[in-house]
1. Hey, among ALA116, ALA142, which residue is touching a strand residue (DSSP E or B) at 6+ places or on another chain (Cβ under 9 Å), outside any strand (DSSP E or B) and closer than 26 Å to MET64 by Cβ?
2. Quick check: is even one residue across region 43-58 of a type in the set (Val, Ile, Thr), surrounded by 11 or more Cβ atoms within 10 Å (Cβ to Cβ) and more than 21 Å from GLY145 (Cα to Cα)?
3. If a residue has to be small (Gly, Ala, Ser) and over 16 Å from the mean Cα position of the chain (by Cα) to count, how many in region 124-146 make the cut?
4. Considering only residues of region 1-42 that are among the basic types (Lys, Arg) and surrounded by fewer than 13 Cβ atoms within 10 Å (Cβ to Cβ), which is nearest to ASN72 (Cα to Cα)?
5. ARG174: of a type in the set (D, E, K, R), touching a residue at least 24 places away in the same chain (Cβ under 8 Å) and outside any strand (DSSP E or B), yes or no?
6. Residue by residue through region 1-35, note down the ones that are more than 19 Å from PRO65 (Cβ to Cβ) and of a type in the set (Phe, Trp, Tyr).
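Each reported figure results from applying straightforward, stated rules to the coordinates on display, with no laboratory input. Values in this document were obtained by computation on a predicted structure and should not be read as measured data. When we count neighbours, we look across all protein chains shown, and the Cβ atoms used for this are built from the backbone with ideal geometry, even at glycine.
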Amino acid sequence: AERPDFEGAKYVMSPPLRDARNLPILWNALAHGFIDTVATDHCPFDLAQKDMGRGDFTKIPNGMPAIEDRVNLLWTYGVKRGRLDIHRFVDAASTRAAKLFGLFPQKGHIAVGADADLVVWDPDWRGRISATNQHMNNDYNAFEGFELDGRPHVVTVRGRVQVRDGQFVGERGRGRLLRREPSWF
C-alpha cells in the first residue's frame with residue numbers, strides 16, 4: 001500500500017511484503033512444515049540511504065533491519081496466537097536453518113558435543129518494538145509499535161552467557177567463523 005512522505009521506502013526488501021490475506025496461508029504452511037524456517041532480509045539501510053531512491057524507486061536500497069525482532073515476532077504472533085506449537089517454533093527458528101546450512105549437529109539442537117548455543121525464554125515479558133530502544137544500529141524499525149509477548153531472558157554462545165534481559169553482558173570477539181560446504185536445496 002502507498003505510504004505518505006516516502007515512508008514506503010522502509011519496506012523495500014526481498015522477498016517483498018505480502019498482502020494480509022496471505023497470512024493464514026503462510027502461517028499454515030509454516031505450522032505444517034511446508035515452510036522450513038523463518039529468516040529476515042537483514043540489510044539495515046538507514047533512512048538517509050533509503051532516501052537515495054526518492055526520485056527513482058529503483059535506486060532505493062533493498063533491505064531492512066529485522067534480525068533483532070525475528071524470533072520475538074515468531075513467538076508472539078506464532079506460538080502465543082496459537083498458530084505454531086513450541087516444537088515447531090524451535091524447529092523454524094533454529095533447527096531447520098542449522099540443517100539447511102550444514103551446521104547441524106554442531107548448531108541447532110541440545111546434545112553432548114554441540115556448541116551449547118542456548119536461549120532461555122521469558123514467556124511473561126511484555127514490550128513494544130521501537131527504534132528508540134533497539135540494539136540494531138539503525139534509525140527506524142519497520143515493526144515500530146508491534147506488541148511483543150515474550151523474549152529471550154538469557155542467551156549463551158558456546159556455553160557462556162552473552163545476553164541477559166536484553167543486554168549484552170558477554171565478551172566481545174567470541175564469534176567464530178564456521179566453515180561449511182555450499183548447500184544445494
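1. Answer to the check: ALA142.
2. no
3. Selection size over region 124-146: 2.
4. Result: ARG18.
5. Working: of a type in the set (D, E, K, R): yes; touching a residue at least 24 places away in the same chain (Cβ under 8 Å): no; outside any strand (DSSP E or B): yes.
Answer is no for this residue.
6. TRP27, PHE34
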